[in-house]
Amino acid sequence: MEKELGPGTRIDHDKYGEGIISSVSLAGYEVFFARGGKMELSISNKDFEVLDMVESTDESPKVSIADLEKVFNYFLLQTGATIENVDFADKWTGGTLLLKPHDEKLKPHEMPLESFFHKIVMVRDRLRVLEQNINSHPKLTDEDKVDLQQYITRIYGSLTSFNVMFKNKEDHFVGTGK
């Protein structure tokens with residue numbers, strides 16, 4: 001019988017990247033991924049590699065999501081990434097994005113909506129960092145900054161279609177129309 005993974009075990013998932021198991025139930029693992037957020041994985045799921053195993057025992061320390069968030073937030077701060085908690089609209093929780101090609105011979109691609117949402121939020125955060133870098137760049141003229149800012153505003157406008165996924169209006173993309 002394989003040893004059961006315990007809370008604190010670090011894994012590398014094929015789709016979601018590195019994560020830490022926060023809790024174990026009879027059916028699966030609750031994992032907090034740096035790129036994909038919190039996910040549930042079945043114990044039978046073999047799409048990940050164990051990087052640092054903590055064996056499950058009755059004495060295993062209980063690691064909470066709050067503890068893991070503190071660790072990841074510290075890591076993100078150290079690497080210069082932005083940290084902002086953006087809520088996913090409840091109506092989409094557990095949903096799936098399905099990309100189905102016109103050619104029926106080709107296989108469709110499915111992705112959990114939560115993962116897709118986190119990717120959209122990462123795009124938005126990186127655009128904000130780009131915006132800050134442009135506005136604070138010492139060699140760009142004010143005219144250059146305004147020109148580049150217009151492109152970013154148009155990109156935000158192109159992303160407004162994804163606003164339905166955000167729980168709070170203040171997190172929405174805003175283009176030139178508002």
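Rounded to whole Å and ordered largest first, report the semi-axes of the equivalent ellipsoid of segment 90-171 derived from its Cα gyration tensor (root of 5λ).
33, 16, 10
Within the set Lys46/Lys167; Lys145/Lys169; Lys15/Lys46; Lys119/Lys169; Lys119/Lys167, which residue pairs have Cα atoms separated by over 22 Å?
Lys46/Lys167; Lys145/Lys169
For Ser23, which sequence-distant residues (separation of 5 or more, or a different chain) have an amide H within less than 5 Å of its own amide H, given hydrogens modelled in the peptide plane?
Residues meeting the amide H criterion: Glu30.
No value in this document is a laboratory result; all are computed from the given coordinates. This is a predicted model, so every value here is computed, not measured.
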